[in-house]
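**Q** Sharing a structure here in structure tokens format.
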Amino acid sequence: MPRAGEGNKLAKILIVEDNALNIKLFCDLLAAHGHEPQAVTDSRQAIEAAHNFAPDLVITDIQLPHVTGLDLIQLMRADRRLADVPIMAVTAYAARGDEERIRAAGAQAYVSKPISVMRFAETVDQLLKTGRQDAAEVDQVESPANAVAESPGPSEAGGEETSS
């Protein structure tokens, strides 16, 4: 049986993000590609929302209040009902070593903000096709725009995260 997201099938994608502009961007992009997005703004409610929604993919910010994206990824990996759901991490703050920590926590893909719309869509499609089984293939979806920076992003400098 084909996985959700292949052909004309609709994939259910849970977005865990606290920034309203990013939620709108991600939801609009996913809906435009035929997916069914559901957003959670409070990371403390993400596990329950995932149990209720049964997503084919989870996209989570890393810099979240209450439960960080890293902690959330680890919680999902430890949950038998969510352990096999692929996870894509997105963050405005990208420092040396962050990608390794994010992948070690259990995410299959990592994308830096501001996102490239084309790369975002390609990464989503790749994760829906491969699931958790071959994360190495997803590594190739990065672009120079998503390269890891050495300085803190806007959210770490006290500013607001933006999607552009």
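The values are calculated or read from the model by the stated rules, or taken from the named source; none is laboratory data. As the structure is a prediction and not an experimental result, all values here were calculated from the model. All Cβ positions, even for glycine, are placed from backbone atoms using ideal geometry, and neighbour counts span all protein chains on display.
**Q** Return the residue satisfying two criteria in turn: it lies in the stretch 97-118 and is charged (D, E, K, R) and buried (at least 17 other Cβ atoms within 10 Å of the Cβ), and of such residues it is modelled with the highest pLDDT.
**A** Only one residue tops the list, namely ARG103.
**Q** When you scan the stretch 33-49, do you find a residue that is out of contact with any helix residue (DSSP H, G or I) (no Cβ under 8 Å at 6 or more places or on another chain), in a loop (DSSP other than H, G, I, E, B) and either at pLDDT below 95 or surrounded by fewer than 18 Cβ atoms within 10 Å (Cβ to Cβ) (or both), even just one?
**A** yes
**Q** Here's something else I'd like to know. Any residue in the stretch 74-93 that is within 14 Å of GLU48 (Cα to Cα) sitting within a Cβ distance under 8 Å of a residue that is among the polar types (S, T, N, Q)? List the pairs, counting only those 6 or more apart or interchain.
**A** Close Cβ pairs (under 8 Å, with a partner that is among the polar types (S, T, N, Q)) do not exist here.
**Q** Additional query: So, in the stretch 51-61, exactly how many residues are hydrophobic (A, V, I, L, M, F, W, C) and touching a helix residue (DSSP H, G or I) at 6+ places or on another chain (Cβ under 7 Å)? Break it down stepwise before answering.
**A** Let us first name the residues in the stretch 51-61 that are hydrophobic (A, V, I, L, M, F, W, C), namely 53-54, 57-59.
Adding the requirement that they be touching a helix residue (DSSP H, G or I) at 6+ places or on another chain (Cβ under 7 Å) leaves 57-59.
Total meeting the criteria: 3.
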